[in-house]
Amino acid sequence: MRLNKVPLPAFSWTCEGRYLLFHLLVILCFMYPVEYLHIDLKYSTIIDLPALLAQGRPVSDTLLAFLPTVGDAFLLALPLFLFTRRRWVVFIPLFLFSLFVLAQVCYARVYEDMMPYSSFLLFDNVNDVLLNSVRGLLRGRDASLFVLPLLLLAAYLGYFSRQQTYPSRRTRWVAAAVSLAVALAAYGARACQIYHREPTDRESPWTAFITPYNYREYVVFHGVVPYTGYVLVSSIVQSDELTPEECATVDNYLAAMPRYTDNRYAVEPGRNLILIIVESMNSWMLGRTVNGVEIMPRLNRLLGEEGTFSALHLIPQVKDGRSSDGHLMFNTGLLPARVGATAVLYGGNRYPALGHALKQKGYRTLNIVCDRAQDWNQVQTSPAYGFDQLYDKSTFESSETLDDSTLLARSLLVLRTIPEPFFAQVVTISTHAPNRAPVCPTALSQYDTSSQELVNTMEAFHRLDRQLGQFIDSLQACGLYDRSVVAIVSDHDEVGLNVLEGRDSRTLADREVALVVLNTPYTVSYEAVAGQIDVYPTLLDVMGCNEYPWKGLGYSLLRTPVQSAVYWDRSVAGDTLSPLVSRQREAWNISNLVLTGNYFSEEGTGPGSLAMNRPDCAK
């Protein structure tokens with residue numbers, strides 16, 4: 001009996017060869033932007049290969065670190081096998097992916113992390129300030145993201161589009177299966193390497209994969225596609241209700257927090273509180289002279305006055321929400337959520353807050369901002385944080401974001417007419433990413449540095465210092481200063497001390513921010529390290545609100561000798577042997593549970609008793 005053999009199709013360059021070559025070029029076009037993103041997230045394996053080898057890294061480790069990029073590129077190019085004559089469709093995701101990477105690169109240059117996918121939907125936050133900041137973040141080399149897609153487009157129009165014959169469906173499916181196998185093998189090999197080097201004392205070998213603390217490293221170690229999958233799955237499975245076990249975890253943690261009701265450190269009853277949240281102010285600018293010019297001379301004089309409490313070694317603890325995360329901590333004593341902008345994702349939560357505590361004492365509460373109420377969802381968070389009135393740029397009949405000089409002048413007019421006592425939060429913005437040269441430069445602009453951003457920042461804060469001084473003078477002239485406590489606090493850091501000193505690496509010590517409280521009964525310069533989370537309980541202490549049961553997740557600097565702070569990636573600044581470190585680390589998990597589970601949402605419970613009367617947990 002004679003068997004008829006089915007002949008295998010012969011490989012033809014004009015058919016299979018040209019088709020597969022185009023596919024490989026598409027893979028390269030996806031590979032480059034993934035590696036480009038790694039540069040600003042942490043490192044790019046191939047681009048930084050000479051430096052990595054010079055550091056003595058094994059070649060195998062270096063190549064394994066590149067595997068997630070390979071996996072991403074093969075997986076992103078996989079849909080190309082669905083098309084034959086309409087292969088031009090591939091240029092749509094190619095250019096969109098380049099734009100996506102460009103947005104992530106700009107975000108990483110400021111926040112050192114991946115921009116949450118939810119932030120791409122914050123259309124209300126697109127304003128002149130944001131667009132001006134983006135322009136300042138762009139680099140000439142960013143154009144390289146579009147070079148390879150443009151070259152491939154030219155090659156397609158001049159060569160690949162002329163292809164007349166195409167591989168069979170079977171051949172394309174085989175090629176697609178091989179590509180998928182390569183991608184999975186790349187991810188798997190990298191995952192095995194990471195799994196085997198995890199410390200044995202981890203609570204679970206899968207901890208690094210399912211609960212990453214650092215999302216930039218998740219992308220570098222696992223890839224863009226796995227990160228996207230993780231974010232998607234975690235958003236789907238995330239529960240709005242806490243389990244009984246999670247409730248017990250929060251309850252037990254809060255039960256061990258300091259409990260006190262005395263107001264031994266308080267100012268006399270009825271004092272107003274004016275909380276000025278300064279945009280992007282690093283502590284190193286205080287008390288510093290550059291080229292014979294004090295960066296912030298007026299604030300320096302206030303630091304030396306009697307009745308000033310200052311803490312200049314606060315570690316910034318903001319995360320994806322940046323400025324709005326600072327507002328969250330100062331007003332509620334909670335740390336930001338693990339992922340996403342807390343003000344946007346959980347702005348509708350019910351919160352115990354400084355505003356609620358002061359309202360119980362008969363205070364009027366108002367929040368004065370320079371941008372729109374919609375920015376960072378302030379229209380929702382302001383009442384949630386206890387503010388009765390929100391003044392934004394539209395309140396002052398301005399179509400543009402208010403500069404700090406205008407904001408402070410308008411704020412003064414409001415404060416002079418509001419009934420006392422009041423709690424007023426004033427939020428500045430002009431020092432946000434100052435990428436324009438100063439109109440009237442000082443000797444600060446002559447500082448010998450390659451960083452124009454540093455020069456612009458010093459000049460911007462020198463100008464803000466003068467405006468703050470004028471605001472304080474006006475408060476004194478109208479008598480409000482003597483009847484008020486004025487607290488000045490940084491919402492987050494921006495240009496680190498390392499930039500001033502010409503160092504590339506930045507430590508948490510380079511990023512310290514400030515808290516300055518004026519017109520108090522005590523003169524204290526708090527020299528130890530603390531965190532932004534400690535501002536809320538300290539202000540409660542100053543204003544005599546310790547009857548309010550919610551003291552936050554931090555510690556009053558007037559009562560507790562805090563000497564450490566924990567950053568969102570769980571790294572410790574200050575005294576790493578401090579007995580508070582373990583609880584400061586755990587506070588991030590507790591706060592995340594409180595936020596995602598809306599822990600204080602019990603109906604019919606007044607704000608003053610929220611912390612002591614939590615909702616019934618899911619049964």
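The values are calculated or read from the model by the stated rules, or taken from the named source; none is laboratory data. Treat the numbers as computed from the prediction; the structure is a model and nothing was measured. Please note: Cβ atoms are built from the backbone with ideal geometry, for glycine as well, and neighbour counts cover all protein chains shown. Side chains are part of the model used for accessible areas, which takes the heavy atoms of the whole protein and leaves out ligands, DNA and RNA. Shrake-Rupley method; radii C 1.70, N 1.55, O 1.52, S 1.80 Å.
Data overview
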| read-out | value |
| --- | --- |
| Enumeration of residues in region 297-317 that are assigned to a loop (DSSP other than H, G, I, E, B), over 21 Å from VAL267 (Cβ atoms) and out of contact with any Lys or Arg (no Cβ under 8 Å at 6 or more places or on another chain) | GLN317 |
| ASP128 vs. criteria of a type in the set (Asp, Glu) and open to solvent by 30 Å² or more (accessible area, probe 1.4 Å) | yes |
| Subset of region 208-228 (residues that are under 19 Å from the mean Cα position of the chain (by Cα), modelled with pLDDT under 70 and open to solvent by 30 Å² or more (accessible area, probe 1.4 Å)) | THR211, TYR213 |
| Check on HIS356, open to solvent by 40 Å² or more (accessible area, probe 1.4 Å) and more than 19 Å from the chain's Cα centre (by Cα) | no |
| Within region 437-460, tally of residues that are in contact (Cβ under 8 Å) with a residue 12 or more places away in the chain, assigned to a loop (DSSP other than H, G, I, E, B) and either of a type outside the set (S, T, N, Q) or open to solvent by less than 10 Å² (accessible area, probe 1.4 Å) (or both) | 4 |
| Check on GLY307, open to solvent by 60 Å² or more (accessible area, probe 1.4 Å) and either in contact (Cβ under 8 Å) with a residue 60 or more places away in the chain or within 30 Å of PRO419 (Cα to Cα) (or both) | no |
| Test for ALA384: is it open to solvent by 10 Å² or more (accessible area, probe 1.4 Å) and closer than 23 Å to PHE422 by Cβ | yes |
| Selection from region 264-281 of residues that are over 19 Å from SER324 (Cβ atoms) and in a strand (DSSP E or B) | ASN272, LEU273, ILE274 |
| Residues that are open to solvent by 30 Å² or more (accessible area, probe 1.4 Å), of a type in the set (Phe, Trp, Tyr) and either at pLDDT below 70 or farther than 16 Å from SER98 by Cβ (or both), drawn from region 22-68 | TYR43, PHE66 |
| Single unsatisfied condition, SER12 versus (1) modelled with pLDDT under 90; (2) of a type in the set (S, T, N, Q); (3) surrounded by 13 or more Cβ atoms within 10 Å (Cβ to Cβ); (4) touching a Ser or Thr at 6+ places or on another chain (Cβ under 9 Å) | (3) |
| Region 368-380 - residue that is open to solvent by 10 Å² or more (accessible area, probe 1.4 Å) and not aliphatic (A, V, I, L, M) and, of those, nearest to the chain's Cα centre (by Cα) | TRP376 |
| Top-ranked residue in region 76-125 [being closer than 30 Å to GLN163 by Cβ and among the basic types (Lys, Arg); ranked as least open to solvent (accessible area, probe 1.4 Å)] | ARG87 |
| Residue pairs meeting the criteria (Cβ under 8 Å; at least 6 apart or on separate chains; first within 18 Å of PHE30 (Cα to Cα), in region 137-160; second β-branched (Val, Ile, Thr) and buried (at least 17 other Cβ atoms within 10 Å of the Cβ)) | ASP142/VAL105; LEU145/VAL101; LEU152/VAL26 |
| Qualifying positions in region 178-189 - within 16 Å of PHE30 (Cβ to Cβ) and open to solvent by less than 50 Å² (accessible area, probe 1.4 Å) | SER179, ALA183, ALA186, TYR187 |
| Residues of region 400-422 that turn out to be open to solvent by 60 Å² or more (accessible area, probe 1.4 Å) and under 27 Å from the mean Cα position of the chain (by Cα), as a count | 2 |
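Here's the yes/no breakdown for (1) surrounded by 16 or more Cβ atoms within 10 Å (Cβ to Cβ); (2) touching a Leu at 6+ places or on another chain (Cβ under 8 Å); (3) modelled with pLDDT of 85 or more; (4) not β-branched (Val, Ile, Thr):
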residue	(1), (2), (3), (4)
LEU145	yes, yes, yes, yes
ALA176	yes, yes, yes, yes
TYR195	no, no, no, yes
THR200	no, no, no, no
TRP206	no, no, no, yes
TYR230	yes, no, no, yes
ALA248	no, no, yes, yes
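Listed here are the residues, each with its yes/no results for (1) open to solvent by 20 Å² or more (accessible area, probe 1.4 Å); (2) without any contact (Cβ under 8 Å) to a residue 12 or more places away in the chain; (3) under 30 Å from ASN435 (Cβ atoms).
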| site | (1), (2), (3) |
| --- | --- |
| ALA487 | no, no, yes |
| ASP510 | no, no, yes |
| VAL517 | no, no, no |
| THR520 | no, no, no |
| VAL524 | yes, no, no |
| GLU527 | yes, no, no |
| THR538 | no, no, no |
| VAL542 | no, no, no |
| ASN546 | no, no, no |
